[in-house]
1. For a quick check, take a GNM of the chain with Cα springs below 10 Å and name the residue from 45, 120, 109 with the largest mean-square fluctuation.
2. If Lys and Arg each add +1 and Asp and Glu each add -1, what is the summed charge of the other residues whose beta carbon sits under 14 Å from the beta carbon of residue 63?
3. Tell me, what is the FRET efficiency for residue 154 and residue 34 to the nearest 0.05, using R0 = 30 angstrom and their Cβ-Cβ distance as r?
4. All other residues with a Cβ under 12 Å from the Cβ of residue 43 taken together, and with Lys, Arg as +1 and Asp, Glu as -1, what is their net charge?
5. I want to verify a result. In a Gaussian network model of the chain, Cα cutoff 10 Å, which of these has the top mean-square fluctuation: 83, 34, 130?
6. State which helices in the chain qualify, where a helix is a whole DSSP H run, it must extend 15 Å or more along its own axis by its Cα atoms, and its mean Kyte-Doolittle hydropathy must be at least 0.0.
7. For residue 136 and residue 93, calculate 0.36 nm times their separation in residues minus their Cα-Cα distance, and state this gained length in nm to one decimal.
8. Let me have the relative contact order for the range 52-109, percent, based on Cα pairs under 8 Å that are six or more residues apart.
Amino acid sequence: MNMFIRDIVTADMDAVLHLNESAVPNVNSIDLEAMRWLARHADYCRVVEAGADIVAFLIGLGPGLDYRSPNYRWFCQRYANFAYIDRVAVAKAARRQGLASGLYADLQCAVAATVPVMTCEVNLSPPNEASMRFHRRLGFEQVGSQFTEAGAKQVALLAKPL
């Protein structure tokens with residue numbers, strides 16, 4: 001089946017939200033209004049479409065937003081300019097086909113001329129070893145860590161120089 005990356009449109013929001021919620025706890029749960037806010041404020045907001053289905057998405061943010069994410073704020077305090085990967089998810093049936101890698105490469109191409117670093121976080125507790133291996137393979141390095149959600153979660157804060 002042919003797959004291609006394209007910008008998110010309003011009609012995609014329910015499918016994107018469903019993908020997001022199916023990826024919890026590897027991404028944070030979010031409601032539809034918050035997802036719409038992210039899509040409106042994102043510097044990068046794209047999906048992978050396979051036939052009529054949305055099978056993956058990635059939302060990337062630049063600095064300077066009034067966004068309450070403690071991980072986003074951590075990067076804002078330490079980097080003047082960055083592309084923050086707020087969330088990425090791939091449908092179970094579409095995993096292991098390079099879709100996340102393709103989205104990361106697409107993001108990097110979109111920002112490399114103006115942004116010096118891509119950033120994100122990966123859960124240390126509860127652990128997400130597959131995501132850590134994925135990010136290391138792509139050249140991300142841990143630049144910090146922090147506890148969130150009143151200590152219930154610990155994340156590794158990662159950066160990849162461009």
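Read-outs: derived from the displayed coordinates by stated rules, not from any lab. Nothing here was measured: the structure is a model prediction, and the numbers come from that model. Note that we place each Cβ from the backbone using ideal geometry, even for glycine, and neighbour counts take in every protein chain shown.
1. Evaluated over the chain, the most mobile residue of the options is 109.
2. Result for the local shell: -1.
3. Numbers: r = 23 Å, r/R0 = 0.76.
Given R0 = 30 Å and the Cβ-Cβ separation, E is 0.85.
4. 0
5. In the Gaussian network model the winner is 130.
6. Once both thresholds are applied, what remains is 99-111.
7. 13.1 nm
8. It rounds to 44 percent for the range 52-109.
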